[in-house]
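Q: Input: one structure, supplied below.
The values are calculated or read from the model by the stated rules, or taken from the named source; none is laboratory data. Values in this document were obtained by computation on a predicted structure and should not be read as measured data. Cβ sites come from the backbone with ideal geometry, for glycine too, and all protein chains shown count toward neighbours.
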Amino acid sequence: MKVIFYGGAGSVTGSNYMVESGNTRILVDCGMAQGSDFAEKENFEDFAYDVSSVQAIFVTHAHIDHTGKLPKIVKDGFKGKIYSTPPTKDFAELLLIDSEHVLQEESDRTGLPDLYETEDVEAAMAIWETVPYHKPVQVGNFKITFYDAGHILGSATIKIEAEGKSIMFSGDLGNYPAPIIHNTEHLPEVDYCVIESTYGARVHEDTSKREGELEDVMEDIARKGGVLMIPAFAMERTQELLYHFHELISQGRVPEIPIFIDSPLAIKLTAVYKKYESYFNPETFKLVKSGEDILNFPGLRMTLTVEQSKEINDVPAPKIIMAGSGMSNGGRIRHHERRYLPDPKSIILFVGYQATGTLGRAILEGAKVVRLFGEEVPVRCEIRTITAYSAHADQPRLLEWLKPRSGMLKKVFVVQGEEGSSEILAAKVKEELSVDSYVPQKAEEIVI
């Protein structure tokens, strides 16, 4: 069995791994490389392999850095099938259609050709089959099984078996306990593992503190009389925040402040959540069945249209605006940032990973001036973070996931990390678990 690290090695985004056995070739993920641009220029290059020779693609979860080039690979001649859990397919369809609009804007700006069009998304959906957790799929020599990754709703780790060997692809592992979804499922018995390292060098805040920290920032913005801007990923992060807003407001712990979800995509994704309540963790599922509307509360306003979004400007502060994109490299949040970043009474709250080269990362690292819509915008507002909202496992959680199988793992391949992060995690795997580890390079081929 051979593994080729076409994407995800040496970078956080662009996950794309090929596994070969005999004449069978399958892919794990087909993601978009992201950074300072929504889609980096490398996404527009030809695939490094013959896409028509691939029999199937298995998708860990719906985020664009794991799915964003699926329409392109179909457009370029892939004729096999795509597999994922049911929620992942529904979420991916919405995310890919939304991305097509953003990509169109980037094509107009850069002069690059369209990466894909809406009909390519439709073509991908037509060959996309859904599989529940723990139900194996056979493709040629391979037996493939999904397990719950606990990262976002429907996310999966993927176990691949062939030639009497087995390898697990972590996808993105979750930062549990999360308020809606299940914890990350235990690593099954495998010989090898490909593990992410987005936070391989970091330790998150205690997850039990995140609701209290959100309460504090809500009280502070009410006192200051400013605007709380939250660049939030439309998928999972928005829903987690809605859940905690619901808790704080229903318990009377925070002042009444208008809260706007200014993201058509987040609004549509939130609606999909209600279709998959059976994927909620037991506590949340029990709340839902008791009649609790966990993603709604008094004062919440959903702004679907551009006109509704502009009307937010007329609502006096204090107010809270949650909008995409989560790294401020696109979406409506940039309009609000242009308006309120210069305001010392306002706060920008980061609740997710900010990739190198993004506007969010620049603000987080203390940029005094940023460029938005061709203007130099001073940053005078307060900057805060709640790292416990990260949907990615930190270093202790990553090691904890591997530890029960440390006696049988032959090798761990560390991927999906910024420079230094993967190497630090790989060293920890060797030191603390006594398991051989390796950080592969992009396009490197490894026979297992």
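Q: Given the residues 108, 90, 65, which is the only one that is acidic (Asp, Glu), at pLDDT 95 or above and more than 18 Å from residue 137 (Cβ to Cβ)? Spell out how you get there, then give the answer.
A: On the way: 108 fails: at pLDDT 95 or above; 65 fails: at pLDDT 95 or above.
So the residue among 108, 90, 65 that is acidic (Asp, Glu), at pLDDT 95 or above and more than 18 Å from residue 137 (Cβ to Cβ) is 90.
Q: Further question: How many residues does the range 394-423 hold that are over 19 Å from residue 28 (Cα atoms), among the aliphatic types (A, V, I, L, M) and crowded, with 16+ Cβ neighbours inside 10 Å?
A: 4
Q: Quick check on my filter: what residues within the range 317-358 are over 18 Å from residue 217 (Cα atoms), surrounded by fewer than 18 Cβ atoms within 10 Å (Cβ to Cβ) and modelled with pLDDT of 95 or more?
A: 338, 339, 342
Q: Report every pair of residues separated by at least 6 positions or lying on different chains whose Cβ atoms are under 7 Å apart, first residue within the range 333-346 and outside any loop (DSSP other than H, G, I, E, B), second among the acidic types (Asp, Glu).
A: 338/375
Q: Which ones in the range 177-196 are over 20 Å from residue 19 (Cα atoms) and crowded, with 17+ Cβ neighbours inside 10 Å? Even if it seems obvious, please write down each step before you answer.
A: Initially, the range 177-196 is screened for residues over 20 Å from residue 19 (Cα atoms), giving 177-186.
Selection gives 178, 179, 180, 181, 182, 184, 185.
Q: To continue, here is another question. Select from the range 12-71 the residues that are acidic (Asp, Glu) and in contact with a strand residue (DSSP E or B) (Cβ under 7 Å, 6 or more places away or on another chain) and write down the one among them that is surrounded by the fewest Cβ atoms within 10 Å (Cβ to Cβ). Even if it seems obvious, please write down each step before you answer.
A: Step one: filter the range 12-71 for residues acidic (Asp, Glu), giving 20, 29, 37, 40, 42, 45-46, 50, 65.
Narrowing further to those that are in contact with a strand residue (DSSP E or B) (Cβ under 7 Å, 6 or more places away or on another chain): 20, 29.
Values: 20: 20, 29: 29.
Only one residue fits best here, namely 20.
Q: Please enumerate the residues belonging to the range 72-115 that are surrounded by 23 or more Cβ atoms within 10 Å (Cβ to Cβ) and in contact with a Pro (Cβ under 7 Å, 6 or more places away or on another chain).
A: If the condition is that a residue be surrounded by 23 or more Cβ atoms within 10 Å (Cβ to Cβ) and in contact with a Pro (Cβ under 7 Å, 6 or more places away or on another chain), then 85, 96 are the ones that fit.
Q: Only residues in the range 67-83 that are in a strand (DSSP E or B) count as the first member; pair them with residues that are aromatic (Phe, Trp, Tyr) and at pLDDT 95 or above, Cβ under 9 angstrom, at least 6 apart or cross-chain, and list the lot.
A: From the range 67-83, the pairs are 81/128; 82/58; 82/128; 83/58; 83/128; 83/146.
Q: Out of 99, 107, 15, report the one residue that is more than 30 Å from residue 163 (Cα to Cα), touching a residue at least 24 places away in the same chain (Cβ under 8 Å) and of a type in the set (S, T, N, Q). Full working, then the answer.
A: Numbers: 107 fails: touching a residue at least 24 places away in the same chain (Cβ under 8 Å); 15 fails: more than 30 Å from residue 163 (Cα to Cα).
Going through 99, 107, 15 in turn, just one is more than 30 Å from residue 163 (Cα to Cα), touching a residue at least 24 places away in the same chain (Cβ under 8 Å) and of a type in the set (S, T, N, Q): 99.
Q: Find the strands (runs of 3 or more DSSP E) located wholly in the range 106-198 whose residues include 3 or more that are out of contact with any helix residue (DSSP H, G or I) (no Cβ under 6 Å at 6 or more places or on another chain), and list them. Working first, answer last.
A: Values: elements: 128-130, 137-139, 142-148, 156-162, 165-169, 192-196.
Where strands (runs of 3 or more DSSP E) fall fully within the range 106-198 and carry at least 3 residues being out of contact with any helix residue (DSSP H, G or I) (no Cβ under 6 Å at 6 or more places or on another chain), they are 137-139, 142-148, 156-162, 165-169, 192-196.
Q: So, in the range 372-393, of the ones that are in contact with a strand residue (DSSP E or B) (Cβ under 7 Å, 6 or more places away or on another chain) and surrounded by fewer than 15 Cβ atoms within 10 Å (Cβ to Cβ), which residue ends up nearest to residue 219 (Cα to Cα)?
A: The extreme case among them is 378.
Q: Which one of these does residue 399 not meet: (1) free of Cβ contacts under 8 Å to residues at least 24 places away in the same chain; (2) assigned by TED's automatic domain parsing to the domain that holds residue 154; (3) part of a helix (DSSP H, G or I)?
A: (1)
Q: A follow-up question, please. Which pairs have Cβ atoms under 6 Å, sit 6 or more apart or on different chains, and link a residue in the range 25-37 that is over 15 Å from residue 74 (Cβ atoms) to one that is at pLDDT below 95 and part of a loop (DSSP other than H, G, I, E, B)?
A: Once the first residue is over 15 Å from residue 74 (Cβ atoms) and sits in the range 25-37, its partners that are at pLDDT below 95 and part of a loop (DSSP other than H, G, I, E, B) give 33/13; 33/14; 33/40; 34/13; 35/355; 35/357; 36/357.
Q: Right, next: Show the residue pairs that are 6+ apart or on different chains and have beta-carbon atoms under 8 Å apart, the first residue being within the range 350-362 and of a type in the set (Gly, Ala, Ser), the second being buried (at least 22 other Cβ atoms within 10 Å of the Cβ) and part of a helix (DSSP H, G or I).
A: 352/237; 352/389
Q: Also: For the range 395-413, which positions are of a type outside the set (Lys, Arg) and either at pLDDT below 95 or in contact with a helix residue (DSSP H, G or I) (Cβ under 8 Å, 6 or more places away or on another chain) (or both)?
A: Applying the first criterion (of a type outside the set (Lys, Arg)) to the range 395-413 yields 395-396, 398-402, 404, 406-409, 412-413.
Of everything in the range 395-413, those that are of a type outside the set (Lys, Arg) and either at pLDDT below 95 or in contact with a helix residue (DSSP H, G or I) (Cβ under 8 Å, 6 or more places away or on another chain) (or both) turn out to be 395, 398, 399, 402, 406, 409, 412.
Q: OK, next. Of all residues in the range 199-227, how many are assigned to a strand (DSSP E or B) and more than 25 Å from residue 419 (Cα to Cα)? It would help to see each step written out before you state the result.
A: Applying the first criterion (assigned to a strand (DSSP E or B)) to the range 199-227 yields 199, 227.
Restricting the remaining residues to those that are more than 25 Å from residue 419 (Cα to Cα) gives 227.
Total meeting the criteria: 1.
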